[in-house]
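Chemist: Next up is a structure, given as structure tokens.
The values are calculated or read from the model by the stated rules, or taken from the named source; none is laboratory data. In this text, all values refer to a predicted model and were calculated from it rather than measured experimentally. Note: ideal-geometry Cβ built from the backbone for every residue, glycine included; neighbour counts use all protein chains shown.
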Amino acid sequence: MPGPSDAATAAQTTDDLARDAPARSNGVAPPEATTYDPAAFEGLDYYAIDDLLSEEEKAVRDRVRHFVTEEVTPVIGEHAQAATFPRELIPRFGELGLLGPHLPEEYGCGGHSNLVYGLMMQELERGDSGIRSFCSVQGSLVMYPIWRFGTEAQKEAWLPALASAEKIGAFGLTEPDHGSNPAGMKTRARKDGDEYVLDGHKRWATNASAGDVAVVWAKVEDDDGNDQIGGFLVELDRDGVATPRIEDKWSLRAAVTSEIVLDGVRVPAGNRLPGANGLRGPLSCLTQARYGICWGVTGAAMACYDAALQHATNREQFDRPIARFQLMQERLAEMVQEITKAQLLNWRLGTLKDSEEMRPQQVSLAKRNNCQMALEVARSARQVLGGNGVLGMFPVMRHMMNLESVITYEGTHEVHTLVIGQDVTGENAFA
Ligand SMILES: Cc1cc2nc3c(=O)[nH]c(=O)nc-3n(C[C@H](O)[C@H](O)[C@H](O)COP(=O)(O)OP(=O)(O)OC[C@H]3O[C@@H](n4cnc5c(N)ncnc54)[C@H](O)[C@@H]3O)c2cc1C
């Protein structure tokens with residue numbers, strides 16, 4: 001979690017700029033800046049998808065939309081510039097039921113439908129992918145495996161505290177040398193009496209240096225002497241755990257991303273998730289989180305479209321609004337078309353998930369399509385904004401940079417291509 005030193009660094013940068021290129025005012029008032037009004041956002045529903053939602057689903061969606069407009073958008077740009085996470089919002093995630101909303105209504109979890117979960121993620125990522133990432137990791141990558149694979153004692157110990165945001169969780173699967181191929185992981189857990197000893201190195205773990213616990217995936221020898229992948233709850237203040245933060249990101253700047261170094265870390269045997277044996281364990285968590293991403297990136301694209309539309313109607317060139325130019329209209333029409341297609345994919349995916357018919361390959365298709373779509377919408381919206389598009393007062397460049405991470409994490413674009421390719425041809429291109 002960022003501390004005062006982050007703010008100090010940002011202030012130092014500002015001081016350096018002021019020294020190198022002092023702003024001159026000479027008593028002249030600065031011109032009024034063009035800006036974007038996130039409060040004017042009314043959603044984008046070209047195909048009346050709202051008619052497919054219940055009153056309750058729309059009410060929850062609107063509550064999260066209001067929260068994002070009122071509490072996220074006013075602060076997120078500054079946090080992204082300073083590479084800090086808006087820590088003050090964390091308790092609000094708990095109060096608003098944004099953590100584990102799709103898990104059954106027990107141990108403090110939400111008991112909502114998957115459609116509601118998706119709508120929540122869409123609204124959160126309209127604010128920022130880092131905000132949605134925080135909630136996705138906590139709900140789908142930490143709470144879900146505890147709920148699905150954990151013991152009664154593990155559920156009681158962790159789920160209520162994670163749902164209320166009293167505790168923060170992280171997910172350690174990726175390693176420095178094993179990203180797209182997690183099966184090759186080197187992290188190991190060795191049984192020693194009634195403890196496990198973990199050694200290894202996880203990379204890119206969202207929230208780890210701000211977290212209380214991580215679900216760490218490691219190879220462990222089973223009773224037959226074969227290697228299995230198992231899941232372990234590792235409290236992050238244990239001896240032998242280091243969580244250096246990954247600095248220097250140009251993407252997801254308002255999110256904490258860390259390494260998890262495990263050097264002879266001892267955890268009680270009761271910290272192993274007994275129901276998770278094999279790669280299916282972490283992959284089933286990723287299916288949950290990827291589902292949320294499909295909706296989330298659609299929200300980011302909706303924010304970019306909204307900023308582009310506002311600007312196109314307000315901005316005049318050649319004595320007319322730029323919205324009157326056919327080339328600008330083509331950009332906006334393309335955005336509406338692609339966002340609408342993504343919304344329909346999401347809605348159908350949600351109904352399939354709610355009826356327990358959704359296949360992971362269908363999630364791959366929506367993740368692949370929607371991330372690519374959102375990036376293209378962001379890039380096009382940036383062009384509609386002209387020079388203003390590179391400024392922080394518009395959300396577009398921030399979304400665009402965030403989406404470069406989102407298209408990579410939880411399975412890259414190429415990995416999802418191969419998942420679909422294998423599904424339709426029966427040929428495994430990973431082998
Ligand atoms: C901001 C951020 C947050 C993250 N959060 C988490 C987290 O919380 N927990 C966690 O465990 N991980 C997390 N990740 C890691 C993320 O899931 C990995 O970055 C991702 O899986 C890709 O792995 P890699 O970066 O090692 O890339 P690589 O696997 O090295 O891939 C590099 C390139 O090679 C391509 N490639 C690889 N294999 C193939 C193939 N068979 N065919 C064709 N092309 C291929 C890829 O598509 C990619 O273009 C995060 C990453 C980022 C950037």
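Chemist: Within the range 69-119, can you find the residues that are acidic (D, E) and under 19 Å from R148 (Cβ atoms)?
Modeler: Matches in the range 69-119: E105, E106.
Chemist: Could you tell me how many of the residues in the range 298-325 are surrounded by fewer than 16 Cβ atoms within 10 Å (Cβ to Cβ) and among the hydrophobic types (A, V, I, L, M, F, W, C)?
Modeler: 2
Chemist: Tell me, please, whether a residue that is farther than 22 Å from S209 by Cα, assigned to a helix (DSSP H, G or I), at pLDDT 95 or above and in the same structural domain as V116 (by TED's automatic domain parsing) can be found in the range 85-100.
Modeler: So far as the range 85-100 goes, yes, one or more of its residues are farther than 22 Å from S209 by Cα, assigned to a helix (DSSP H, G or I), at pLDDT 95 or above and in the same structural domain as V116 (by TED's automatic domain parsing).
Chemist: If a residue has to be small (G, A, S), farther than 16 Å from I49 by Cβ and in a helix (DSSP H, G or I) to count, how many in the range 106-129 make the cut?
Modeler: Final tally of qualifying residues: 2.
Chemist: I'd like to know if the range 316-337 contains one or more residues that are touching a Gly at 6+ places or on another chain (Cβ under 8 Å) and either touching a residue at least 60 places away in the same chain (Cβ under 8 Å) or assigned by TED's automatic domain parsing to the domain that holds G118 (or both).
Modeler: Within the range 316-337, none of the residues are touching a Gly at 6+ places or on another chain (Cβ under 8 Å) and either touching a residue at least 60 places away in the same chain (Cβ under 8 Å) or assigned by TED's automatic domain parsing to the domain that holds G118 (or both).
Chemist: Any residue in the range 300-321 that is of a type outside the set (D, E) and within 18 Å of E410 (Cα to Cα)?
Modeler: Yes - at least one qualifying residue is present in the range 300-321.
Chemist: Taking only the range 153-183 into account, find how many residues are within 14 Å of the ligand (Cβ to nearest atom), among the hydroxyl-bearing types (S, T, Y) and touching a Pro at 6+ places or on another chain (Cβ under 9 Å).
Modeler: Result for the range 153-183: 1.
Yes/no matrix, rows are residues, columns are (1) more than 12 Å from the ligand (Cβ to nearest atom); (2) under 25 Å from I407 (Cα atoms); (3) touching a residue at least 12 places away in the same chain (Cβ under 8 Å); (4) assigned by TED's automatic domain parsing to the domain that holds C285:
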site: H201; (1), (2), (3), (4): no, yes, yes, no
site: D212; (1), (2), (3), (4): yes, no, yes, no
site: V220; (1), (2), (3), (4): yes, no, yes, no
site: D224; (1), (2), (3), (4): yes, no, no, no
site: F232; (1), (2), (3), (4): yes, no, yes, no
site: E235; (1), (2), (3), (4): yes, no, yes, no
site: G240; (1), (2), (3), (4): yes, no, yes, no
site: D248; (1), (2), (3), (4): no, yes, no, no
site: R253; (1), (2), (3), (4): no, yes, yes, no
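Chemist: Can you tell me which of A269, A242 is closer than 25 Å to I90 by Cβ and hydrophobic (A, V, I, L, M, F, W, C)?
Modeler: It is A242.
Chemist: What tally of residues in the range 371-392 results from selecting those that are under 22 Å from Q317 (Cα atoms), hydrophobic (A, V, I, L, M, F, W, C) and in contact with a Phe, Trp or Tyr (Cβ under 9 Å, 6 or more places away or on another chain)?
Modeler: The total comes to 2.
Chemist: I would also like to ask the following. Please verify whether the range 130-152 includes one or more residues that are under 25 Å from L403 (Cα atoms), in a strand (DSSP E or B) and more than 9 Å from the ligand (Cβ to nearest atom).
Modeler: Among the residues of the range 130-152, not one is under 25 Å from L403 (Cα atoms), in a strand (DSSP E or B) and more than 9 Å from the ligand (Cβ to nearest atom), which makes the answer no.
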